[in-house]
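Colleague: Dropping a structure here in structure tokens format, bear with me for questions.
What follows draws every value from the coordinates through simple rules; no lab data is involved. Since we're looking at a predicted model, the values are computed, not measured. Methodologically, a virtual Cβ is constructed for each residue, glycine included, from the backbone with ideal geometry; neighbour enumeration extends over all protein chains shown.
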Amino acid sequence: MTTSLASANLRATRFPWLKTPHQELSSIVTITVLDTQDNPPVFNQGMYGFVVFENVALGYHVGTVFASTMDLNTNISYLITTGDQRGMFAINRVTGQITTASIIDREEQAFYQLKVVASGGAVTGDTIVNITVKDLNDNSPHFIHAVESVNVVENWKAGHTIFQAKALDPDEGVNGMVLYSLKQNPKGLFSINEQTGAISLIGQLDINAGTYQVEILASDMGVPQLSSTFILTVSVHDVNDNPPVFDQLSYEITILESEPVNSRFFKVQASDKDSGVNGEIAYSIIEGNAGDAFGIFPDGQLYIKSELDRELQERYVLLVVASDRAVEPLNATVNITVILEDVNDNRPLFNSTNYVFYFEEEQSGGSYVGKINAVDKDFGPNGEVRYSFEHMQPDFELNTITGEIRSTHQFDREALMRQRGAAVFSLTVIATDQGLPKPLKDQATVQIYMKDINDNAPKFLKDLYQATISELAANLTQVLRVSASDVDEGTNGLIHYSVIKGNEEKQFAIDSSTGQVTLVGKLDHEATASYSLVIQAVDSGVVPLSSTCTLSIDVLDENDNSPSFPKSILSVDVLENMRVGELVSSVTATDSDSGDNADLHYSITGTNNHGTFSISPNTGSIFLAKKLDFETQSLYKLNITAKDQGRPPRSSTMSVVIYVRDFNDNPPNFPAGDIFKSIIENIPVGSSVISVTANDSDADINGQLTYAIIQQTPRGNHFRIDEVRGTIFTNAEIDREFANLFELTVKATDQAVPVESRRFALKNVTILVMDQNDNVPVFISQNALAADPSVMIGSVLTTIIAADPDEGANGEVEYEIINGDTKTFIVDRYSGDLRVASALVPSQLIYNLIVSATDLGLNIFTKDSFNSAEVLDNDLSLNTLVMCLLLVTYFTLFSCCAGSLVAAILLSFSIASGDSVGHFDINNSGVLSIQQPLDRERQSFYSLVVQVHDMAPLPASRYTSTAQVSIILLDVNDSPPSFISPKLTYIPENTPIDTVVFKAQATDPDSGPNSYIEYSLLRPLGNKFSIGTIDGEVRLTGELDREAVSNYTLTVVATDKGQPSLSSSTDVVVIVLDINDNNPIFAQKLYRVELEENTLTGTDLIQVWFCLILKMHATNLILAYVG
């Protein structure tokens, strides 16, 4: 329609034949043309083309199509109708904008042709939208296998191609262009063509290498560049230069056609002069093996691979090849003729190995079930087939000639299911020919399935189901599932459920398939307290059968009021030393309900810090359950919940904030474990050794610590400590030979006020002293001896011994003759053995040797130990000590006057200094012994100066030498702990629990673990007191009442940690001081006195006694007059 309005001028004229005067009238008529949707939308392009990259985000704008129509008031909508089967794109129905609806992968599809339809009411128009997907480099080159192997021969020349690598990249253009390189090239023996991936040799292979591992890298040309690798194993083999040779030119074998499959019937034999795999032969059949009738094992053994039949083929000419196993194998061939001899070898064959028949239940006996059939290719009796069951079958009979199977009685499928568990019979049938000498047979399986008929109605598990449901249950709440079963199968046993009575209000619905009953309305217990639904189960048989059950539903009343607290937050202050079990505060909530719905139980539902507080579930009283510690936590926020006993229960919660107030209750604490530190001897006085720090979780001065060294073993003042920082410094010269280990006890004390309330901690610090080479060797062996002139060469005359108190290399000594007859005598460098190197000269009576003893340490510090300047040589090390050795022959001894030379070789030892009390003694053999008992606790270190001199007769010169002997006494646990604390203490009877009553202190003069003390109470006395194992603090653990017990005697035991341990004990009397906590009480509740009349004023009538007890009692004094 092009014009919606049209005007027409109509004129009416009276004609003269009407015999009336001529008249003419005119009028304008306007015609409105109404629009209809008869013009289809037309797209502004006949075909659209868009380009999009793969992997763009969902909702990516691809392009927009646009269509218009000549009709008025037409809303055009767009739709993709074809070309997007996987839903990769979406189109805005109003704007025509096409966007991505899924991740686009160019490798899956690179081009899409969509048909877009524009609808304008009942008419439509369409267009074609072509979308080209551009590639991104999102795929790495991919090798088919991650690892491959190849065999090569060692004599292959350079340039020989050994392997073709192939990697695929589904991307296009440069993104899919693959270049190859070698990432791992053993010994540079291989090269790879960058374009083709062909791997070639560029060097000589080594058979001894065995294998090479070549790693090949395939990279694309995209951005970013992607790559992958794979490993090629190259196995190197020897050269193969001899082919196999058969032992015959040809073979002919005759076998029966009835030979069984896999039977071996002949073995061919070939030999190969090569060795290794080049000489290993494998056999195969390459021609003449029609129907794959024969096979051959690698060792040349022929066997029957498939069943033979002379009627089909009576002769086979096999071409067998023998190949060695080299990389480039050599081979030889031979013809083997196999002739088959005929036998009666055709047995009957069933046309099926498994017959399946379906037989409907309830049929009468003799009904036809099915027919089996077998064929025998033989003729005459050999081809005549007879049928039979393998086992006697009472349920079926088989016609011997025809193979028909019939039933022998009527069957009930459901009875079979109950009796046998399955309604199927599995029979084995036999087909036998009549051949001679032995008939042949075949067998097959016959499966007879009983077909069901609908002869059983559904049956519910219960006749009556009962359920309850809350009146507040939401719509679609599942109430209960009823269940019925039908022993029939298939559609005959398929059950559908429905409610046929009791659901007039349409409050419930039932799933027809599952029997699930669901609430679909709103319940009101007050309106309807119960429902009784009659539910029917119907099977799906042609003639359906059904049954019913009753579902009784009780509607439960609900709890609809929550408990209420008077306020949402409660703040409470408590002392840190509050006793466990004391009342902290109470909370109370109210509930408008009644009965169980108003029975409130209280609980702590959050942030209770591992049970620090407890609450009475009935009263809401909050108690302290664990000891408080301000330093660990000073504020607690508890969530207290009040819950009623309704179903479901309702609850409300309030917060209780508990503030803990502090007092000084924490001793200092060192880190766990003993402290060890190594220092080197001779370090300067004042050097820093180690810092020992403790922490105290108390605040202010209660947490400020000072440090002191309270004990040092061995005794001395070798170390001091910075009392603020805890840094230990040397305070005297440190000599390892005096002591190689110091044990310090460091005490950290807080600064609490008063001083009596201060707490402390002890820490053992062990300082190991490392050696320096500050001692020269000292000879301890004799310096004169007599020798037999006839002594054999190589004999040991004596062993020269020098001692060096240093340790390690600093104390290891080597010996050397530095002056004297070195041709006649030699000394062992390490052991000091002095041996005869050549025969002694009888005419030489005396040999003088100068022997040096040198330690192996560095030249740190030396001491002069030999004063004869003429003996020392300038070439000797400062770590060297020399000695003069006088050697006298027996010949000289016998030639001199008696006693003169004997005295010359005798030595006399003595202790020159260091043992004023006489604890030690030394004999003339140099053996040092103990003369008096030693006590480490009195003196732990001895430094003896031992002097030795020869006994040469005067006026001959006598030589003297001295040596220093350091003796360190090791501790044994021989001293039990000794108490130094008082044996009497006082405590008021109202003292709070956990107060320190007194502190037990004991000392042990031993060292190390032998001096570590642990404390215990021998008799805890009714759990009133406890003691700290380490600090010895005796604390109050129960309430005291002087009126009940006025004093306690505690036996404190101190035990050291030695092996075996020693202990001592002391009795401490704790006197409980009285406070005024009791009212006076009379001795009697009632006093009765008789007196005469006219008794004078001031006369004593009675003496009344009273005492103090816990509670106050009233008393009456009654005076009775007698007269």
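Colleague: Once every Cα of the chain carries one equal point scatterer and solvent is ignored, give the base-10 log of I(q)/I(0) from the Debye formula at q = 0.07, 0.08, 0.09 Å⁻¹, two decimals.
Modeller: At q = 0.07, 0.08, 0.09 Å⁻¹ the computed log10 ratios are -1.14, -1.16, -1.22.
Colleague: What is the spin-label model distance, in nm, from residue 262 to residue 132 if the labels are put 7 Å beyond Cα along the C-beta direction?
Modeller: 6.4
Colleague: Please compute, for the alpha-carbon atoms of the range 700-798, the extent along each of the three principal axes and give them in descending order in Å.
Modeller: 89, 20, 19
Colleague: Further, regarding this structure: Given a cut-off of under 8 Å on Cα pairs at least six residues apart, what relative contact order in percent is computed for the chain?
Modeller: 4
Colleague: The range 385-493: D in µm²/s via Stokes-Einstein (Kirkwood Rh, Cα pairs, 25 °C, 0.890 mPa s)?
Modeller: 132
Colleague: By how many nm would the segment from residue 682 to residue 634 grow when fully extended, if each residue of separation counts as 0.36 nm and the alpha-carbon distance is taken off?
Modeller: That works out to 12.2 nm of additional length.
Colleague: Which links in 637/999; 637/1024; 501/643; 451/506; 626/999; 157/273 stretch past 30 Å when you go from one Cα to the other?
Modeller: Over 30 Å Cα-Cα: 637/999; 637/1024; 501/643; 451/506.
Colleague: Something else about it: What does the helix-only formula give at 222 nm for the chain: each DSSP H stretch with n ≥ 4 adding -39500 (n - 2.57), the total divided by the residues, and the result rounded to the nearest 500 deg cm²/dmol?
Modeller: -500 deg cm²/dmol
Colleague: Magnitude of the Cβ-charge dipole of the range 505-649, K/R +1 and D/E -1, about the Cα centre, nearest 20 debye?
Modeller: 480
Colleague: Another one. So for the range 326-401, what percent of the C-alpha to C-alpha distances run longer than 16 Å?
Modeller: Result: 71 percent of Cα pairs exceed 16 Å.
Colleague: Throw me the Rg/Rh for the range 791-850, computed over C-alpha atoms with Kirkwood Rh, two decimals.
Modeller: Result for the range 791-850 is an Rg/Rh of 1.05.
Colleague: State, in angstrom, two size descriptors of the range 608-749 derived from its alpha carbons: Rg to one decimal place and Dmax to the nearest whole number.
Modeller: 26.0, 85
Colleague: To continue, here is another question. From the C-alpha coordinates alone, can you work out the Kirkwood hydrodynamic radius of the range 967-1033, in Å?
Modeller: 14.2
Colleague: Between residue 823 and residue 339, with labels modelled 7 Å along Cα→Cβ, what's the label distance in nm to one decimal, could you check?
Modeller: 10.5
Colleague: While we're here: Work out the charge dipole of the chain with +1 on the Cβ of Lys and Arg and -1 on the Cβ of Asp and Glu about the Cα centre, then indicate which of 229, 597, 542 is farthest towards its positive end.
Modeller: Going by the Cα projections, it comes out as 597.
Colleague: Another question, then. Using a Debye calculation, one point per C-alpha and no hydration shell, please list log10 I(q)/I(0) for the range 335-451 at q = 0.09, 0.14 Å⁻¹ in order.
Modeller: These q points yield log10 I(q)/I(0) values of -0.32, -0.63.
Colleague: Can you sort 405, 430, 448 so the residue with the fewest Cβ neighbours within 10 Å comes first?
Modeller: Result, fewest neighbours first: 430, 448, 405.
Colleague: Something else: If you put +1 on each Lys and Arg Cβ and -1 on each Asp and Glu Cβ, how big is the dipole of the range 675-770 around its Cα centre, in Debye rounded to 20?
Modeller: 120
Colleague: In bins 5 Å wide, starting from 0, what share of all Cα pairs of the range 42-134 does each bin hold, as a percent?
Modeller: Histogram of Cα-Cα distances, whole percents per bin: 3, 14, 26, 25, 14, 10, 5, 2, 1, 0.
Colleague: Also, I was wondering about something else. For the range 928-1004, what is the Kirkwood hydrodynamic radius in Å, using each pair of distinct C-alpha atoms?
Modeller: The answer is 18.8 Å.
Colleague: Give me 400, 1099, 854 sorted ascending by neighbouring Cβ count inside 10 Å, so fewest comes first.
Modeller: So the ranking, lowest neighbour count to highest, is 1099, 400, 854.
Colleague: Would you mind ranking 496, 391, 718 by Cβ crowding within 10 Å, fewest neighbours first?
Modeller: Starting with the residue having the fewest Cβ neighbours, the order is 391, 496, 718.
Colleague: What distance in nm separates the two pseudo spin-label positions at residue 548 and residue 923, each 7 Å out from Cα along the beta-carbon direction?
Modeller: 12.4
Colleague: Can I ask one more? If I stretch the segment between residue 906 and residue 732 completely, what's the gain in nm (0.36 nm per residue apart, minus their alpha carbon distance), one decimal?
Modeller: My answer for the length gained is 58.4 nm.
Colleague: So, one more: Once the range 572-650 is represented by equal point scatterers at the alpha-carbon sites, with solvent omitted, what log10 I(q)/I(0) does the Debye formula produce at q = 0.15, 0.25 Å⁻¹?
Modeller: -0.56, -1.17
Colleague: Once fully extended, how much extra length lies between residue 79 and residue 598, figured as 0.36 nm per residue of separation less the alpha-carbon to alpha-carbon distance?
Modeller: 180.5 nm
Colleague: Using only alpha carbon positions, build the gyration tensor of the range 142-237, then give the equivalent ellipsoid semi-axes as the square roots of 5 times its eigenvalues, largest first, whole angstrom.
Modeller: They are 27, 12, 10 Å, listed from largest to smallest.
Colleague: Just to verify a number: FRET efficiency for residue 418 and residue 525, C-beta to C-beta distance, R0 = 51 Å, to 0.05?
Modeller: Calculated value: 0.65.
Colleague: Something else: With +1 on the Cβ of every Lys and Arg and -1 on the Cβ of every Asp and Glu, and nothing else charged, how large is the dipole of the chain about its Cα centre, in debye rounded to the nearest 20?
Modeller: My answer is approximately 2220 debye.
Colleague: Taking each pair of distinct Cα atoms in the range 423-541 once, what is the resulting Kirkwood hydrodynamic radius in Å?
Modeller: Mean inverse Cα-Cα distance, inverted, gives 18.4 Å.
Colleague: Then there is this: Ratio of Rg to Rh for the range 957-1072, alpha carbon only, Kirkwood?
Modeller: Radius of gyration over Kirkwood radius for the range 957-1072 works out to 1.32.
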